Amino acid sequence: MHGVGELAPADPPVLLEQTDDSTVESVNGRAMIGHRPILPEDWSLINGDSRRKIRTMTTPVIRTVGVPKEIKNNEYRVAMTPDGVREFERLGIDVFVETGAGVGASFSDADYRAAGADIVPTAADAWAQQMVVKVKEPKEEEFAFLRPDLTLFTYLHLAAYPTVAHALIDAKCTALAYETVQLDSGALPLLAPMSEVAGRLAPQMGAHYLERHNGGRGVLMGGAPGVQPAKVVVLGAGNVGWNSAWIAAGMEAEVVLFDKNLDRLRWVDQINKGRIVTLASNRGALERNIADADLVIGAVLVAGGRAPVVVTQDMVRTMKPGAVIVDVAIDQGGCIETIHETTHNEPVYELHGVLHYAVGNMPGAVPHTSTYALTNATLAYQLEVAVHGAAGGCRRDAALSHGLNTFAGQVTNAPVAEFLGTPFIEPLAALN
Ligand SMILES: NC(=O)c1ccc[n+]([C@@H]2O[C@H](COP(=O)([O-])OP(=O)(O)OC[C@H]3O[C@@H](n4cnc5c(N)ncnc54)[C@H](O)[C@@H]3O)[C@@H](O)[C@H]2O)c1
């Protein structure tokens, strides 16, 4: 896949590009840049594409995109920033943002308008566009907007939300899920940014609850000159855990990072030059370090499965009164035996004298940062879908085709089909 603002590889040359800040378009058979015809000196700037190719460039398959306000409880993120709008508009794709959609993430209607968006008064106006981009799966009150000629691109987690899956299937909607877009390496590029945010947030939450008036044992992460800092134990050195360890070390805590993957620990060790202590995960080392910890951060993941229980109830019982657990892995069941999911409204509970924090959508606490982190990753894929259409985009880009979950009433993602007990059809076979 090409990045935002880059010329798509030729044949077929589809992205209408670009010399300065303007779009090359075919207007009444004449190639134009912005509002003026192409001048001879412009040709050399168009990455070697011939004049003929410019004249045969197609316009984007999707011409209108809607951005509704998120309606899920405590969801303040928005699917597109004003800078994202600017990218769509420069390709001649109109963006319709529901009024107030960005307020939770600190973007005003005026910010979007300045970037070229149309502000529309109702959700129905945003949903009426050819493509709708969102953050969370559609809620029941949005099901009426689903239809066969709609392309929806958002987090779907259909295995967790079968009602949504059936609504998309029944409506014959073309639905792409951020979380299943997958690179050849197996990496999930549209999940990683939220792991990074949750990982960086975890020590901040932990530090907050370690304060005495918040129920903690009154320990400052960085200690003080002549005073022992907090001991932070991080379980899992992946996207979440590595970011947690990094921030906790930045707060000058004493940090111990566990993982089963020694190569991952080698990598962390080399980068941090010993500032973060790395330990291979085994029962004895865990028991000793958990008992001694002020803050434990859970961040293990076994792809496709429930999180393994790494810290047992007996280990929690050995922890110091007022110590804090932040189990980021809660969305996969959690890796601490005593954990259950909490919400932003009631983030913590106490058990065995230890505060437990396990909010399932931690990035929702910092929607401004999370919106940028999310849209930095999603924008190029959203543009790809808009320019080439869902079918064209999936044919060109295997990573995107993994993202296709439902098409014309069929389920095109294997794990989702297995979970729903419905037939699975390969995305490209369905599209053909
Ligand atoms: N609560 C939230 O808001 C939120 C937000 C983002 C991500 N998450 C979740 O955080 C978890 C971690 O995500 P990630 O992106 O860091 O995953 P990742 O795959 O990048 O990292 C997971 C790490 O866990 C290690 N691991 C697996 N089993 C282990 C064990 N028994 N002992 C020690 N280490 C073990 C793996 O080797 C890997 O390095 C996932 O469940 C993810 O869904 C939650």
Problem set entry | Residues (among the hydroxyl-bearing types (Ser, Thr, Tyr), out of contact with any helix residue (DSSP H, G or I) (no Cβ under 6 Å at 6 or more places or on another chain) and free of Cβ contacts under 8 Å to residues at least 60 places away in the same chain) located in segment 55-109 | Thr56, Thr58, Thr59, Ser108
Exercise. Mind checking which residues of segment 263-287 are surrounded by 15 or more Cβ atoms within 10 Å (Cβ to Cβ), in a helix (DSSP H, G or I) and more than 12 Å from the ligand (Cβ to nearest atom)?
Worked result: Asp269, Asn272, Glu287
Exercise. Does Ala249 satisfy the criteria of being in the same structural domain as Arg212 (by TED's automatic domain parsing) and touching an Asp or Glu at 6+ places or on another chain (Cβ under 8 Å)?
Worked result: no
For this session: Please verify whether segment 306-323 includes one or more residues that are in contact with a His (Cβ under 6 Å, 6 or more places away or on another chain), over 24 Å from Val95 (Cα atoms), without any contact (Cβ under 8 Å) to a residue 40 or more places away in the chain and within 16 Å of the ligand (Cβ to nearest atom).
Result: no
Exercise. What about Thr154, is it touching a helix residue (DSSP H, G or I) at 6+ places or on another chain (Cβ under 6 Å) and either under 13 Å from Thr406 (Cα atoms) or more than 16 Å from the ligand (Cβ to nearest atom) (or both)?
Worked result: no
For this session: Please name all residue pairs, on different chains or six or more residues apart, with Cβ atoms under 8 Å, provided the first residue is in segment 160-173 and is closer than 12 Å to Gln410 by Cβ and the second residue is of a type in the set (D, E, K, R).
Result: Lys172/Arg147; Cys173/Arg147
Exercise. Looking only at strands (runs of 3 or more DSSP E) that fall completely inside segment 324-432, which ones have 3 or more residues that are assigned by TED's automatic domain parsing to the domain that holds Tyr76, in contact (Cβ under 8 Å) with a residue 24 or more places away in the chain and under 30 Å from Val232 (Cβ atoms)?
Worked result: none
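Okay, residues lined up against (1) within 13 Å of the ligand (Cβ to nearest atom); (2) surrounded by 22 or more Cβ atoms within 10 Å (Cβ to Cβ); (3) basic (Lys, Arg):
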site	(1), (2), (3)
Val233	yes, yes, no
Gly250	no, no, no
Asp292	no, no, no
Leu295	no, yes, no
Problem set entry | Top-ranked residue of segment 346-373 - restricted to ones that are of a type in the set (Ser, Thr, Tyr) and touching a Gly at 6+ places or on another chain (Cβ under 9 Å), ranked as nearest to Val326 (Cα to Cα) | Tyr357
For this session: Answer yes or no: is there a residue in segment 119-131 that is of a type in the set (Val, Ile, Thr), under 23 Å from the mean Cα position of the chain (by Cα), at pLDDT 95 or above and under 28 Å from Asn361 (Cα atoms).
Result: no
For this session: Check whether at least one residue in segment 175-193 is away from the ligand (no atom under 16 Å from the Cβ) and surrounded by 21 or more Cβ atoms within 10 Å (Cβ to Cβ), and report yes or no.
Result: yes
For this session: Determine, yes or no, whether Trp242 is within 15 Å of the ligand (Cβ to nearest atom), buried (at least 22 other Cβ atoms within 10 Å of the Cβ) and of a type in the set (Phe, Trp, Tyr).
Result: yes
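The values are calculated or read from the model by the stated rules, or taken from the named source; none is laboratory data. Because the structure is a prediction, the values reported are computed rather than measured. Counting neighbours? That spans all protein chains shown, and the Cβs are built from the backbone with ideal geometry, glycine included.
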